[in-house]
Every structure is written in C-alpha cells, then in structure tokens.
Amino acid sequence: MTELFASLRQDSPIPLAAELSCGPGEVLALVGPSGGGKTTILRCIAGLHRPAFGRVGFDDAVWLDTECAIDLPPQKRAVGFVFQDYALFPNLDALGNVAIAVPGSDSALRERRARDLLARVNLKGLETRRPHRLSGGQRQRVALARALARDPKVLLLDEPFSAVDQVTRRRLHRELLALRRGLNLPMILVTHNLDEAMLLGDRIAIVHHGATLQTDTPAVIMNRPISAQVARLLDLRNIHAARVLEHDARAGITRIEWRGRILEAALAVAHPVGVTVDWVIPPARVLMHRRERPSRGERENPLLGRVIACVVHGTEVHAEIQLTDGDRNAAGAAVEDVVTMHIPIHAAERNGLQTGIDIGVSLVSESIHLMTGTR
C-alpha cells in the first residue's frame, strides 16, 4: 500500500526524533505542547526545513535522504500545505489565490480548475473577494482549495482551525470529514486541541521535544498510554505509582500495592513482580457507590474518601476525592491519595454529590492500565 513515510533526526536548533507514516485516506493527528516540534515535522516533509538526518518520501518516491544527498525542493514534492495563518496573497482574490497554484500554462484551464476547487470547499459565488473581505473560515477554505490545486499526493494541515471561532471550527470539522472521503490522500494534521485530534484523527501521534512518543488509534492512546509522560501530555488524571505484587493469569488480573492498598488491575505480565510501575485509570471508570443501596460493582477495588472539589463541566460533574484509607504521612493524606471522577450530572444529583461529603468509590480493574515506571 502506498503511504507517506518520514524519519527525522537532529539535535539542534530544534530537536527531532520523529518516525511516522500515513496511508491514503488516513488522517494522522500530531498532538503535543506548543513549541514541541510539530510544525517543524511538517516543514521537513514539505521541504521547507532540512533536518540533519532523515528520510522522507511517498511510496517509491524519495524526497529526502540525507545519507544519499537527496533533497528535492518544495515545488518537486507532491505536497499540499495549509499554513496556520493561511498565507494568502492579499492582492489576489479567492480565485486568483487558488489559480496561481494550479499547474500548467493554460490560463482558461487553470481558472476552471480553481473555480471547481472553490465550489468543492463551498465558496462558490465568492471567487472575486479578496482575503480581507473573507471571514476566517472562508480564508481557511481558500487555503485548502489552493493546497489541493497542485493535485498533491499528501496534504499537510498546520493548526488550520486555530484562527476561527468555536461554531465555525465545528462546521469546518464536518466539512473536512466530508471532503476527505473523496480525496484518498494521506493527511497529517497538527493541532494542540486533543478533542479535535480525537474527532478527526484515525491515528494520533504524541509529539514532545520533536520526538514521536506514541502513535496509535485515539482509543488506545487515551486508554493505554505507554508512559506516565504520555499520559500527562494527554492531560489524563489518576496517574500514580505502585508495586507489582503478583499476576493471576487464571483470574486475568495483576495485583499491585498502592500506598498501603491492594488493587486489582488488568493482567499485565510484561511488568515483573516486585517492580515499581506507573498506573492510570480514566476518571469515567472511577465509579461512585450509590448512597441509597450498594451494588455488585462496589466490590471492585472499593475505596473510601471525601469530596474536596466538585465542578460542573458540560454534561458531567468532575470531582476530586481525597482518599481516607491507605498510607498517611505526618501531614495527613498526600496528593498521591487523590483520585478524579467524572460522572453524568443526573447521577451526581441523584446521589447528592457535593464538596465535603464522604463517599465510596470503586476503580474498575479492567480499566487500570500499568505503564513502565519512571520514578
């Protein structure tokens, strides 16, 4: 199968240690902190930045190979690039901005192609407007049409929705999802918005200091990060350290000791008995015990605590619970004894969830994911 591939290495001025691939019709979302090297990776693929060491290409065509002294200029790489600021020519109207990127010398054919592309991105009737008379969303569409004008084999999108309001952003998300079905191109999307990456990306690559730390589907990335570092970059909660006690293959569980508590986690024999591991559980898999009557789920890693924070977030309530069992230090329960729980508003209201109450919670064992310890 044809695909884009890139392997990039350098120590300075911007560190790079990136490995990625992207197949036709796939969206690979690069996510990570600002200044982490995501845009530099796109620039290396497009030929706008030359890494110290690397190899980039599509299928059998090699665009960059530093060992073989191959480095094709941007115009010889079959890449369409949508820049964060769109980089439109202010003295040209929408039609001119797209037509200038269409290959060939026949002006009539170039204009016809530009009109077709503008119609494809829902800008029919706005061909004569210059960038200053277009909204942010319309400028983004012009930039996308211009990127497609070169008939690229790869499409690169650098924070394409960052300059538009939330309503426009959601509409552009829908349009991009619809458009991609007819393109069948590898598409690499740089974004700092995790929700956007989850919505648009078939796979997500976590990028930090120019390194691709983990690349996988959104579900795997969010539920099975390879390290506490990746989990923190994803802003996951409930990241703690524990010691592996035993593996019970028959029961399908691994028992760990966490600050005086014995927890059952999903079987993870890759972590030897006795080692210290990091573990994480999604806040949605921390279950509140029903106050009016117990349930069978309360027997799964039951813990006691007190609610120390309770905030409504959309249709959920996010609560922080200071556990009151387990180990205690001289100053009382430590930060390591706090777990975060997300539950629907109706469930929170039914159970009277509020700051200051004492509650019981359970950690769903199959959702406790163990990672190689870094402490």
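The values are calculated or read from the model by the stated rules, or taken from the named source; none is laboratory data. Being a predicted model, the structure only gives us computed values, none of them experimental. So basically every Cβ, Gly included, is an ideal-geometry build from the backbone, and we count neighbours across all protein chains shown. Quick note on the areas: whole protein, heavy atoms, side chains included, nothing else; ligands and nucleic acids left out. Shrake-Rupley method; radii C 1.70, N 1.55, O 1.52, S 1.80 Å.
In the set (1) surrounded by fewer than 16 Cβ atoms within 10 Å (Cβ to Cβ); (2) over 29 Å from residue 40 (Cβ atoms); (3) of a type outside the set (Lys, Arg), residue 70 fails one condition alone, (2). Residue count for region 73-95 satisfying the condition of being part of a helix (DSSP H, G or I) and surrounded by fewer than 17 Cβ atoms within 10 Å (Cβ to Cβ): 3.
Among the residues making up region 108-121, those that are closer than 22 Å to residue 164 by Cα and open to solvent by less than 100 Å² (accessible area, probe 1.4 Å) are 117, 118, 119, 121. Within region 193-218, the set of residues being closer than 21 Å to residue 140 by Cα and in a loop (DSSP other than H, G, I, E, B) comprises 193, 201.
Selection of region 106-129 for residues being under 34 Å from the mean Cα position of the chain (by Cα) and in a loop (DSSP other than H, G, I, E, B) yields 121, 122, 123, 124, 126.
For residue 190, indicate whether it is modelled with pLDDT of 95 or more and not in a strand (DSSP E or B). Walk me through it before giving the result.
Working: modelled with pLDDT of 95 or more: yes; not in a strand (DSSP E or B): no.
For residue 190, the condition - modelled with pLDDT of 95 or more and not in a strand (DSSP E or B) - is not met.
Can you tell me which of 101, 163 is in contact with an Asp or Glu (Cβ under 9 Å, 6 or more places away or on another chain), in a loop (DSSP other than H, G, I, E, B), open to solvent by 20 Å² or more (accessible area, probe 1.4 Å) and touching a residue at least 12 places away in the same chain (Cβ under 8 Å)? It would help to see each step written out before you state the result.
Values: 101 fails: in contact with an Asp or Glu (Cβ under 9 Å, 6 or more places away or on another chain).
That would be 163, the only listed residue that is in contact with an Asp or Glu (Cβ under 9 Å, 6 or more places away or on another chain), in a loop (DSSP other than H, G, I, E, B), open to solvent by 20 Å² or more (accessible area, probe 1.4 Å) and touching a residue at least 12 places away in the same chain (Cβ under 8 Å).
Candidates are the residues of region 11-58 that are in contact (Cβ under 8 Å) with a residue 40 or more places away in the chain and part of a helix (DSSP H, G or I); the one that is nearest to residue 84 (Cα to Cα) is 39.
Listed by first and then second residue, the pairs with beta-carbon distance under 9 Å, at least 6 apart or on different chains, first residue in region 358-375 and without any contact (Cβ under 8 Å) to a residue 60 or more places away in the chain, second assigned to a strand (DSSP E or B) and surrounded by fewer than 17 Cβ atoms within 10 Å (Cβ to Cβ), are 358/304; 358/306. Among the criteria (1) modelled with pLDDT of 95 or more; (2) of a type outside the set (A, V, I, L, M, F, W, C); (3) open to solvent by 50 Å² or more (accessible area, probe 1.4 Å); (4) outside any strand (DSSP E or B), the one residue 290 does not fulfil is (1). Residue 78 meets each of the listed conditions (1) modelled with pLDDT under 95; (2) more than 19 Å from residue 149 (Cα to Cα); (3) hydrophobic (A, V, I, L, M, F, W, C) apart from (2). Taking region 1-35 as the range and being under 18 Å from residue 51 (Cβ atoms), modelled with pLDDT of 95 or more and under 14 Å from the mean Cα position of the chain (by Cα) as the test, only 30 passes.
Among the residues of region 219-272, the ones that are open to solvent by 20 Å² or more (accessible area, probe 1.4 Å), out of contact with any Pro (no Cβ under 8 Å at 6 or more places or on another chain) and not in a loop (DSSP other than H, G, I, E, B) come to 16 in all.
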